[in-house]
Amino acid sequence: MKRLLAIILAVVVVVAGIVYYFIDSRSYVAKVGGQKIKTYEYVFFLRAQKQVTESEAGVTSEQEKKELWETAVDGEDPVVIVMNQALENAKEFKVQIIKAQQAKFKLSDTERKEINQYLNSWLENTENRNYVTNEIGISLSQFKDLMMKSQLVSRFAYDYMQKNSDAVTVSDEDVQKYYSENRKKIDDVTVRHILISVDENMNEKQKTEKMKLAEELLERIENGEDMAALAREYSDDPGSKDTGGVYTFKYSEPYAQEFKDWAFTAEPGETGIVETRFGYHIMRLEDRSTFEDKKELARSELKANKLNEYYQNTVKEWLNDPGFNLVKNEKTLNRITKKAFER
């Protein structure tokens, strides 16, 4: 009886081992640095890479997408190309997690709580939940795990750059060059304007009368009249009328394109009339920031850019370390990839 019981227990252990191996082998697509790239992690990066590729190709219909994935690229299967890119992206993600672990870098309890609260709030929306489960194709708990890891990677990268900030230097000449090349992004301008509005229901005669009024007001301003007072009297822009028509903004802000282009090419004191979809703007450039105004901002931006480049180069070195070579779980990798492209 004891011998029979021992045989049964041995069989159970063997079967359990086989079942565990079967389940475990289907739970990851590759290993890197001794850690598994889990199936759902790969699915996340695969979906993202697939969507990026379709967007860059400009395909929207199901038929166009089908043709895209069935058309070889320089003799290569496009599905395999995307699979490999997604796997490399997943590897880069996993390597940074490993490096964070090696550095004993962790999210604090407070940070984890705040991230969880945000994710729980975001997932209360039915559309968001459906996007995760249907479009990405992973569970809500898996999505939350990925987002938590993503925050870990992001904050580890920032911490790493701050601790290695002395690895990059920024000279005054570098700052001057950076500012000159990025003035539109860095500078802000102050303009004063009077809007003479025009709408699509006006006929040509009415539009001509509006333009004539704009020209008359511009002439009065150039002859020395108080533009702020004229703005309060004539401007159709409720957002600036009471402040004498003044706006201060950066080029990146959502003003009418013609309005921004004029403001960032004019010289202080210059006047003119700009036509936008809102009507005719009598414009005067009041002020524009200078290098001295923005020198420290330019230095800070350039330093941040160089540190980011330094970190990206460091990541590349990590990825080239033989200790982080990918070991693919081919069967599961191919199965998951195939399934993703059947949806």
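The values are calculated or read from the model by the stated rules, or taken from the named source; none is laboratory data. In this text, all values refer to a predicted model and were calculated from it rather than measured experimentally. Because the Cβ atoms are built from the backbone with ideal geometry, glycine has one as well, and the counts that use them run over all protein chains shown.
For segment 296-324, which positions are within 23 Å of the chain's Cα centre (by Cα) and closer than 30 Å to residue 262 by Cβ?
297, 298, 299, 300, 301, 302, 305
Only helices (runs of 4 or more DSSP H) wholly contained in segment 120-204 count here; list those with 3 or more residues that are surrounded by 15 or more Cβ atoms within 10 Å (Cβ to Cβ).
140-163, 172-181
May I ask you to say which residue of 242, 293 is within 32 Å of the chain's Cα centre (by Cα), among the acidic types (Asp, Glu) and either modelled with pLDDT under 95 or surrounded by fewer than 18 Cβ atoms within 10 Å (Cβ to Cβ) (or both)?
Every option except 293 fails the conditions.
Restrict the check to segment 263-272 and report whether at least one residue is in contact with a Ser or Thr (Cβ under 8 Å, 6 or more places away or on another chain) and modelled with pLDDT of 95 or more.
Looking through segment 263-272, none of the residues is in contact with a Ser or Thr (Cβ under 8 Å, 6 or more places away or on another chain) and modelled with pLDDT of 95 or more.
What is the number of the single condition among (1) assigned to a loop (DSSP other than H, G, I, E, B); (2) surrounded by 15 or more Cβ atoms within 10 Å (Cβ to Cβ) that residue 267 does not meet?
Of (1) assigned to a loop (DSSP other than H, G, I, E, B); (2) surrounded by 15 or more Cβ atoms within 10 Å (Cβ to Cβ), only one is false for residue 267: (2).
Among the helices (runs of 4 or more DSSP H) contained in segment 31-113, which hold 2 or more residues that are of a type outside the set (Ser, Thr, Tyr), under 22 Å from the mean Cα position of the chain (by Cα) and surrounded by 14 or more Cβ atoms within 10 Å (Cβ to Cβ)?
It comes to 39-57, 78-102.
Among the residues of segment 269-285, is there at least one that is among the polar types (S, T, N, Q) and closer than 24 Å to residue 175 by Cα?
No: segment 269-285 contains no residue that is among the polar types (S, T, N, Q) and closer than 24 Å to residue 175 by Cα.
Being exposed (fewer than 14 other Cβ atoms within 10 Å of the Cβ) and not in a loop (DSSP other than H, G, I, E, B) is the filter here; which residues of segment 245-254 pass it?
248 - this is the single residue of segment 245-254 that is exposed (fewer than 14 other Cβ atoms within 10 Å of the Cβ) and not in a loop (DSSP other than H, G, I, E, B).
When you look at residue 114, is it assigned by TED's automatic domain parsing to the domain that holds residue 318, closer than 22 Å to residue 39 by Cβ and acidic (Asp, Glu), yes or no?
The answer is no for residue 114.
Answer with yes or no whether residue 91 is of a type in the set (Lys, Arg) and closer than 22 Å to residue 323 by Cβ.
Taking the combined requirement at face value, the residue satisfies it.
Can you confirm whether residue 155 is more than 30 Å from residue 302 (Cα to Cα), of a type in the set (Lys, Arg) and at pLDDT 95 or above?
Here the answer is no, as residue 155 does not meet what is asked.
Just checking, how many residues over segment 255-264 are touching a residue at least 40 places away in the same chain (Cβ under 8 Å) and loosely packed, with under 14 Cβ neighbours inside 10 Å?
Residues that pass the stated criteria total 0.
So which residues in segment 223-237 are loosely packed, with under 12 Cβ neighbours inside 10 Å and in a helix (DSSP H, G or I), if there are any at all?
229, 233 - these are the residues of segment 223-237 that are loosely packed, with under 12 Cβ neighbours inside 10 Å and in a helix (DSSP H, G or I).
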